[in-house]
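Scroll down for the structure; my scribbles are underneath it.
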Amino acid sequence: MDATDATRTPLVVLRDISVSFGGVRAVDQVSAELYEGEVLGIVGHNGAGKSTLVKVLSGACKRDGGTIAIRGEDANIDNPRDARRYGIETIYQTLALADNVDAAANIFLGRELKTRWGTLDDLAMEAQARSVMGRLNPHFARFKDPVKSLSGGQRQSVAIARAILFNARILIMDEPTAALGPQETAQVGELVRKLKAERIGIILISHDIHDLFDLADRICAMKNGRVVGTARVSDVSKDEVLGMIILGKCPPGATPGPGAMVLETR
Amino acid sequence: MKPGRLHPLALFLRSTELDTRTLGLIAALLLIWIAFHLLSGGLFLTPRNLWNLSVQSSSVAVMATGMVLVIVTRNIDLSIGSMLGFIGMIMGVVQADWLPKLFGFEYPATWALTLAAGLAIGVVLGALQGFIIAYLGIPSFIVTLGGLLVWRGAAWWVTSGQTVAPLDDTFRLMGGGPEGSIGATWSWLVGIAACVAVVLSLANGRARRKKFQFPLRPIAAEIFLAGIACAAILGAIAVVNAYPWPIGSVRRYAQANHIVVPEGGLFIAHGIAIPVLVAIGVGVVMTFLAKRTRFGRYVYAIGGNPEAAELAGVNTRWVVMKVFMLMGLLAALSGAISIARLNAATNSEGTLAELLVIAASVIGGTSLAGGVGTVAGAMLGAVLMQSLQSGMVLLGVDTPLQNIVVGAVLVIAAWLDAVYRRRAGAAGS
Ligand SMILES: Nc1ncnc2c1ncn2[C@@H]1O[C@H](COP(=O)(O)OP(=O)(O)OP(=O)(O)O)[C@@H](O)[C@H]1O
Ligand SMILES: [Mg+2]
C-alpha cells in the first residue's frame, strides 16, 4: 500500500509545464505527480515559481506549454471554474478574498446556497460557515463584518474554510499557515492529516521545512522556475533539502530534475 | 463592542440593526426639508411641493439605482444622459410617427409597444458598451465618454434635430400630472399592501433566524421597526392624497364625466404619481437584485476584489456586461418618464443627467473606489439633490448659485462619507 507505488495511476500529472511573464521564465518545463492521499510539499526560494506552478493547476494562470492529466486523463483547465469542476480547491497565497463582504459570502462565493425561491440563503450559508470556522479557528466570532476588518490569520482561516467546505479531491495550499498563530497552525496540520486520510491529494507550499517534514510524503524543490529534485521525505535530510533550495544540488536520495546542478549564470 | 457604555437609545437603535449610514442620510434630508420650510415661510413641507418633489426626483432616482451597481463594480457610466436623449427621441418617433402609421392614432397598445422598443434598445446599447468594457478591456470611463458623444449625436440624427410632440395620451401618464396619478383609493391600497409586505418580511426573517437558532432582535425592536416603516408609508400616502387636482383639470374631468361641480369645488386627490410608483418599483426590484440574488452578490464581490471573484469561479466579465445592460434599460425607462412628463421628445433631453445621477449615488454613500453602495441610499441621494434644487427655486435663488450649492454639497457629502468610513473602520465597524 505505498502511496507512490508506480503501478497506481497518479491523481494529477503535470508534464513539462512552462509559464513566461514577458522575458521571465517563471516556470520552466516542470513535471510533477500527485497521488491520492498524499501530501506533496513544494519548496524553493522566493520567486522560484511555486505559486505560478500551482496556479496553472488551479486555472488561475495560463500556461505556455505542457499538459495536465487528472486520474490518467487529459484535463482542460483554462480557468478557475474548470479547475473546480475537477474537484480542485485552492488556498491562494494572496488569499483572494473579496474584502467588502463577510466571511460566509467569501466562503460560498461562486457556489452560493439558494432558498427554494432561488434567492440567496444567507442564513444557511452563515450556519455552515460557523460550523466549518469552528473547526479551524474556534475563537472566530465576527461573521457579520466584512473580511477587510479581520486579522491576517482570521482572513487566512476564511480562505482555508472556503477550500475545505466543498469536498475537494485535490487541495492546493499555498503557504496556508504563514499568518497563523501556533494553535491555529497546529489545527491546520491536523486538518491536513485528516484530509489525507480521506484520500485527498494535497499540494502544500511552505517555507517551513520542519512542518513539511512532519506533513509531507514527498518534497519537490524548485529553483529559478525549474525542478531541482523530488524525494520522499524518508530518503533525504533537512540539510539536503536546504541544499536543493539554495544551491540546486540534488542529493543521492532524490530524483534529479532539469534544474539540478545547473551552471549559475546570475 | 462594549454595549455597557452606550446610551439606552443607541443600544436600542443598534438592536434594530439599521444601517447608521442610511439613518444619517434620512436625518440630513429631514434637516434640509425643515430648513427650507422655515426659510420659505412654510412653503416647502406642503402636499403640493412634496408631490412635485417626488415626481421630479423619479427620473434621476431610477437611473441612480443602476449607477450604484456600475460604480460598485469599479466602473462608471457617463453615457446615460445621452442614451436617455437618444432613446427618448426614438420612443417619440415610434409613438408619434411609426405606430400611428401602422395602427392609427390612439391605438391602445401604442404606449406599451413604444416602451418595449425603448427598453430593448436600452439593453442593446448597454450591452454594446458593456461588451467593449468587459471583454475588450477598455476602461469604462473612456467607452462611456465616447458613448456620451455618440448617443447625443445620434439623438439629433433621429429627426435632424426636430422636437417630436405631442405624444400618445396613454404614454404621457408615465410622466405624472393629475391624470398620471393613481388617485386616493388606489394609493391607500398600495400603502396598505406595502405595510403588509413590510410586516411579512420582518416576520419571515425572524422565523428563519429562529430556525437556524441565530440571535433574534428583541421583539420590541421588531415592532418599533414595523411601526416606523408603516407610519412612514401611510404618512407619505396621506401627503400625496392631500394634494388636490387643479381647478382646470377638475372642470375638464367633470365635463367629460357629466358631473356637476358643487359649490366650493370638487376635491380630487392626486395620490401617488405613476413615475413615482415606477421609481419605487424599480428601487424594490433593484434592492432585491443587489441583496438577494447571486448576480448582486457577484457585483459586490467584483467591486471588493475582481481577481478574487474571478478565482472563485465568478464569470466577472459577463456580470459586468449585465450591469451595463441593466443601466441601459434603466436609462431607457428614465427616458420614457422624462419625455412623457414634457409631452415632447427633444434631442437635448437628459443633458448632464449622468452627472446628477453619479452625484446622487455618491451622496447616497456609493464609493467610487468600488464595492460599497446601496440602492436605497442612491435613491435617497436623488431625493436630497432634488430637494436642494426645488428648495432653492422656492427661495428664489439664481440658477448659478444653485449649481454652486449642489456642487459643494456633493463634495461635502463625499468628505463626510470618507470620515464616517474611517471612523467605522477604526471602530471595527
Ligand atoms: N503576474 C505576474 N506578472 C509578471 N511576473 C510574475 C507574475 N507572477 C509571478 N511573476 C514572476 O514569476 C516568478 C515566480 O513567481 P512565484 O510567485 O511563482 O514565486 P514563488 O515561488 O511563489 O515565490 P514566494 O516564495 O515568494 O511566494 C517571479 O520572478 C515573479 O516575479
Ligand atoms: Mg508564492
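Taken together, the values in this text are just the output of simple stated rules run on the coordinates, not laboratory data. As the structure is a computational prediction, the values presented were derived from the model and not from experiment. Neighbour counts run over all protein chains shown; Cβ positions are idealised from the backbone, glycine included.
Here are a few things to note about the model shown:
- The protein assembly as shown: Cys lacking any partner C-beta under 4.7 angstrom: A:61, A:220, A:250
- Partner chain coverage, peptide A:74-83 - average Cβ within 10 angstrom: 2
- Percent of Cα-Cα distances greater than 21 Å, calculated over segment B:350-424: 27
- Semi-axis lengths, largest first, of the ellipsoid equivalent to segment A:101-167 are 20, 12, 10 Å, with √(5λ) applied to each eigenvalue of the Cα gyration tensor.
- For segment B:185-194, Karplus couplings with θ = phi - 60° (6.51, -1.76, 1.60), whole Hz, Gly/Pro x: 4, 4, 4, 4, 4, 4, x, 5, 4, 4
- The orientation-averaged projected area of the convex hull spanned by the Cα atoms of segment B:268-375 comes to 8.5 nm².
- Per-residue Cβ neighbour rank within 10 angstrom, fewest leading, B:321, A:261: A:261, B:321
- Per-residue ³J(HN,Hα) for segment B:409-415, Karplus 6.51 cos²θ - 1.76 cosθ + 1.60, θ = phi - 60°, Hz, x for Gly and Pro: 4, 4, 5, 5, 4, 5, 5
- Cross-link table A:62/A:194; A:55/A:196; A:50/A:249; A:196/B:211; A:114/A:196; A:55/B:322, entries beyond 23 Å C-alpha to C-alpha: A:62/A:194; A:196/B:211; A:114/A:196; A:55/B:322
- Considered as an equivalent ellipsoid built on the Cα gyration tensor, segment B:249-330 has semi-axes of 51, 11, 7 Å, the largest given first.
- For chain A, built as a Gaussian network whose Cα springs stay under 10 Å, the top-fluctuating residue of A:38, A:89, A:240: A:240
- Cβ-based net charge around residue A:94, under 9 Å, with every Lys or Arg adding one and every Asp or Glu removing one: -2
- Whole-percent pair-distance distribution, where bins are 10 Å wide, for the alpha carbons of the protein assembly as shown: 3, 13, 20, 20, 16, 12, 9, 5, 2, 1, 0, 0
- Anisotropy class of chain B from Cα gyration tensor, a/c 1.5 cut: oblate
- Between residue B:76 and B:140, B:141, the built amide H atoms are under 5 Å apart, and every one of these is 5 or more places off in sequence or on another chain.
- In chain B the longest region clear of GluC sites (Glu not before Pro) that are loop-assigned by DSSP and have at most 14 other C-beta atoms within 10 Å covers B:264-429.
- For segment A:141-209, diffusion coefficient by Stokes-Einstein and Kirkwood Rh (Cα), 4 °C, 1.567 mPa s, µm²/s: 101
- Each of B:421, A:116, A:63 was scored by other Cβ atoms within 10 Å of its Cβ. Arranged with the fewest first, they read A:116, B:421, A:63.
- The tail of the calculated P(r) for segment B:182-272, taken as Cα-Cα distances beyond 19 Å, holds 57 percent of the pairs.
- Every helix of 4 or more DSSP H residues in chain B counts as -39500 (n - 2.57), and over all residues that averages to -24000 deg cm²/dmol at 222 nm.
- Selected from B:42, B:118, B:407 as most flexible by GNM, with chain B as the system and alpha-carbon contacts under 10 Å: B:42
- Normalised contact order of segment A:101-167, rounded percent, pairs of Cα under 8 Å and 6 or more residues apart: 42
- Residues whose amide H comes within less than 5 Å of that of residue A:42, counting only those at least five positions distant or on another chain, are A:204, A:205, A:206, A:220 (H built at 1.01 Å from N in the peptide plane).
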